[in-house]
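Read the structure below first, then the notes.
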Amino acid sequence: MARRQATLDLLVLPCAGASATMYLRWRRALPTWLNVVPIELPGRGGRSNEPYVTDFDSLVAKLCDEQAAALQGNFVLLGHSMGALLAYGMALRQRALSRPMPQLLIVSASAAPRCRSPERYANRHDDATLIADLRKQGATPDEVFAHADMLRMTLDTLAADYAVCASFPSRATQALALPVHAWGGRHDDIGQHAIEQWHHETRDRFSVDWFDGGHFFIRDRESDVLAALIRVLSPFAQGAGDAAVALA
């Protein structure tokens, strides 16, 4: 049987301290009508030789310019945690510049803009605090803590990303004229109210999926997450066909 051509591009943004590699498994697990486009941030992965960008607005502007070719046609923006804020910021910038808009914005494990507390990230740049955060979140492999160079890189990346989160603007913005779909973990520190407040950011449809687990349900409940993703994205794809997930 011939492989079905991709009809929907899914641009995905990583959480704080991570790289775009967190989404590489999705390429093998999702149907061929969905083209996963991991967006790498400066200072990590294949861009590790570039300086970090620590200001939210500057990083959003840079990503929109770099991804201009991908930010058109039939596409969706998705981000986890800090990545959700970046995806939201990119949608706002696309609108401000009268550029093509996504069909849908998916925000995962992120408090809505009106629920954010920038002071949460104040004075969180010393190694001891960053290491404590990494251990609490539970997403960092043990070998990272055992390898000095790997740990240094991880801590520097997390500190830079905390600066991005701290610089998230508190200015009021007009709600987006596109649907917004939120994901939350039932045992995440980010509670139900903070997730559901994303409904204020859209003049279109708003919906939520909840998953068992904490902040990294996106990894721990990957099969459930991808099944939910297919269900949500199928209406935006042309000829999606069979939407079965086959995790590698």
Hits in region 22-47 (condition: of a type in the set (S, T, Y) and more than 22 Å from C64 (Cβ to Cβ)): T32
Here's a check for you: in region 1-57, which residue that is at pLDDT below 95 and β-branched (V, I, T) is nearest to G73 (Cα to Cα)? T7
Any residue that is modelled with pLDDT of 95 or more and in contact with a Gly (Cβ under 9 Å, 6 or more places away or on another chain) - is there at least one of those in region 233-244? no
Can you name the condition, by its number, that R219 falls short on among (1) assigned to a helix (DSSP H, G or I); (2) closer than 29 Å to R95 by Cβ? (2)
Restrict the check to region 16-24 and report whether at least one residue is farther than 17 Å from Q103 by Cβ, surrounded by 20 or more Cβ atoms within 10 Å (Cβ to Cβ) and aromatic (F, W, Y). yes
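Taking helices (runs of 4 or more DSSP H) that fall entirely within region 140-197, which contain at least 2 residues that are over 22 Å from A18 (Cα atoms)?
192-196
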For region 109-126, does any single residue satisfy the condition of being more than 17 Å from the chain's Cα centre (by Cα) and crowded, with 20+ Cβ neighbours inside 10 Å? no
Just checking, which of I230, I195, I218 is in contact with a Gly (Cβ under 7 Å, 6 or more places away or on another chain), modelled with pLDDT of 95 or more and not acidic (D, E)? I195
Kindly list, by first and then second residue, each pair from a residue in region 151-179 that is within 25 Å of R99 (Cα to Cα) and aliphatic (A, V, I, L, M) to a residue that is surrounded by fewer than 19 Cβ atoms within 10 Å (Cβ to Cβ) and at pLDDT below 90, limited to pairs with Cβ atoms under 8 Å and residues at least 6 apart or on different chains. none
Looking only at residues in region 71-94 that are touching a residue at least 40 places away in the same chain (Cβ under 8 Å) and surrounded by fewer than 16 Cβ atoms within 10 Å (Cβ to Cβ), which one is nearest to L8 (Cα to Cα)? N74
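The values are calculated or read from the model by the stated rules, or taken from the named source; none is laboratory data. For clarity, every value in this text was computed on a predicted model and none was experimentally measured. When we count neighbours, we look across all protein chains shown, and the Cβ atoms used for this are built from the backbone with ideal geometry, even at glycine.
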